1. What 222 nm value per residue comes from the helices of the chain, counting each DSSP H run with n ≥ 4 as -39,500 (n - 2.57) and dividing by all residues, nearest 500 deg cm²/dmol?
2. If you take the C-alpha gyration tensor of the chain, multiply each eigenvalue by 5 and take the square root, what semi-axes do you get, largest first, in whole Å?
3. Measuring with a 1.4 Å probe in the full set of protein chains, what accessible area per residue, in whole Å², belongs to the chain?
4. Over the chain, what is the relative contact order in percent, taking alpha-carbon pairs closer than 8 angstrom and at least six residues apart?
5. Of VAL44, ALA9, LEU31, which is farthest towards the positive pole of the chain's charge dipole, taken about the Cα centre with +1 and -1 on the beta-carbons of Lys, Arg and Asp, Glu respectively?
6. For the chain, what % of the accessible area comes from carbon and sulfur atoms, probe 1.4 Å?
Amino acid sequence: MFLSSILVAVRRWAYARTVANELYGLDKRDLDDVGISHWQIKDVARKAAHDAIA
């Protein structure tokens, strides 16, 4: 059980990092199109990872 929770946390971290890197690659206009600001990227990435990986 403990090991599986660590694996989930690592997978979420890796997924969030990938999402954040993709979003940081967008310019302001593209971020505006998806409805987020630059300062929200980390929170959006964390939520995406939490929702995607159970």
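The values are calculated or read from the model by the stated rules, or taken from the named source; none is laboratory data. Because the structure is predicted, anything quoted here is derived from the model rather than measured. Here the Cβ positions follow ideal geometry from the backbone for every residue, glycine too, while neighbour counts run over all protein chains shown. Protein only, heavy atoms only, side chains kept; ligands, DNA and RNA dropped before computing areas. Shrake-Rupley method; radii C 1.70, N 1.55, O 1.52, S 1.80 Å.
1. Taken over the chain, the calculation gives -25000 deg cm²/dmol.
2. 26, 9, 7
3. On a per-residue basis, the chain sits at 81 Å².
4. Reported relative contact order: 50 percent.
5. ALA9
6. 60 percent
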